[in-house]
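Structure first, then comments.
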């Protein structure tokens, strides 16, 4: 290839990446909801004419894998069915079975034309805080079928040749408890697509449509070359992991889930055969989300820093029988899909961590720990819906302690809402926001990171509370002798006394003055705790990450808190006692 052409392609490739990120910024600056402009619970991207992602604003790792499903089901399948697509058209859809995730995550897609042919597709997907359904916030543990979870939007034109389809918008805002937020967020996402169209047309005008088309194809090929090169460096073989969701839903017994991972020189196979049938509760996930979950782990161990394109996932193959918990079909409910989808990630992670210790950590808190607080704001009489993810503790690595108060792997670089925004936008006071050092984390040569405590005092008279949290009974796993981590919980306080501790609840009536305490767990440890450097233990006690009692019990280290030194004589006695009990020197 001539040097001039190579240079042009590199310029176009960088420009497409830049356009995808510019789409992200446009959405942040124009969205109505804090979950979009503060939390960043959305994603934007650009695909080629075949629906393969060539550029993405990667804040939520999970969604890297779903943009191709958005492009396919919302544009390409319509074209194949004879639906004409014209410049200025924007398709809207929230079908979780074809685009992944849940119905709150509304997708928009816009074909971009070169003359009368589609050359690219701009895609966006964002969380809308209420789309109707049986409870405020449109997700929760109570639904038994998809129809209870909100307004189902099949692929229809939201804009037709640049003109808003008012009838579609009326239906959507008419079914939302917070219609202004619905309207504002959809228009923000649509604006990002028009920005992508503008930037792609500028590239075609400057470099020519053939160069733009060739660049997108070469981007995918380059991604696949990178993926296969890194695949060859992984340890070949078969791996297995199993774990348990907290409850079986039809019973109180934990529900076993598992995966078999097979790595060969040609493919990265994740086989979910043998998992439970999809239950009639909202915890199910769909195949696009399960594929994206596997893709997240594959990217983490192969090309974690590469700018994403679909070629980076080319070696992945997912086997997952239909109508199972990882491949739910209509009408099984999916509004709390993320809890099971994250288990799909965690299972692959758990299967591989002991064999790829330089790339993977011990288990983390896993759950998004999301809550809904909804009701009427007494300050203005308007309905409000507070929805957010919350951070927790990550597992230790083989050479470092785990990260504390970090979003879970599926949510990536989303953010916790600032206290100032929460108290301005919602009738709550944040009475406490701190590390959950009281619960701690998994001990090890390297310890897990700790979670977070956030206490909301409710200032509304008619508020309700909904949540669905996992790892509330089955803690994060440790590696190489590291101890298990700490579970998640939601605690309701009334009159400064604990009223209840829950992991799943739907529409519980809150009194004014009630306190919701969100307490995310700590990650698992890595390695034998008695091999931890005693000075590190001393530092953890000093920094109040662990207590003096924990230092003695978990690490066999005695800390003199008067002089803040390790009591060497007492430590020697603790370790001698430990050796005597274990029968090992």
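Structure notes:
- FRET efficiency, 1/(1 + (r/R0)^6) with R0 25 Å, evaluated for residue 434 and residue 533 via beta carbons: 0.45
- Note on residue 273 and residue 358: the model spin-label points, each 7 Å out from Cα along the C-beta direction, lie 3.4 nm apart.
- Rounded if a/c under 1.5, otherwise prolate or oblate - the stretch 140-237, Cα gyration tensor axes: oblate
- Between the helical axis of 209-231 and the longest alpha-carbon principal axis of the chain there is an angle of about 30 degrees.
- Taking the average, over residues, of other Cβ atoms within 10 Å as the packing measure, peptides 223-234, 187-198, 465-476 rank 465-476, 187-198, 223-234 from highest down.
- Rg and Dmax of the stretch 361-529, both derived from C-alpha coordinates alone, stand at 16.5, 56 Å.
- Contact order, relative form, for the chain: 13 percent (alpha carbon pairs under 8 Å, 6 or more residues apart, mean separation divided by residue count).
- Summarising the overall dimensions of the stretch 533-582 from its C-alpha atoms, the Rg and Dmax are 10.3, 31 angstrom.
- The order of the peptides 484-491, 145-152 by mean Cβ neighbours within 10 Å, most packed first, is 484-491, 145-152.
- Residue ranges 272-280, 285-293 sort as 285-293, 272-280 when ordered by packing (mean number of other C-beta atoms within 10 Å per residue, highest first).
- Over the stretch 290-342 - Rg/Rh using Cα atoms and the Kirkwood inverse-distance radius: 1.04
- Relative to the longest principal axis of the Cα atoms of the chain, the long axis of helix 337-352 makes an angle of roughly 60 degrees.
- Note on residue 491 and residue 319: the model spin-label points, each 7 Å out from Cα along the C-beta direction, lie 4.6 nm apart.
- Theoretical ellipticity at 222 nm over the chain - DSSP helices of four or more residues, -39500 (n - 2.57) apiece, nearest 500: -9500 deg cm²/dmol
- Rounded tilt (10° steps) of 179-207 against the dominant C-alpha axis of the chain: 60
- Taking the Kirkwood radius as Rh and the Cα radius of gyration as Rg, the stretch 135-190 has a ratio of Rg/Rh equal to 1.01.
- The stretch 343-461: mean projected area of Cα convex hull, nm²: 8.4
- Sorted from greatest to least, the principal axis extents spanned by the alpha carbons of the chain come out as 81, 62, 44 Å.
Every number in this text was worked out from the coordinates using simple rules, so none of it is lab data. Bear in mind the structure is a predicted one, so any value in this text is a computation, not a measurement. So basically every Cβ, Gly included, is an ideal-geometry build from the backbone, and we count neighbours across all protein chains shown.
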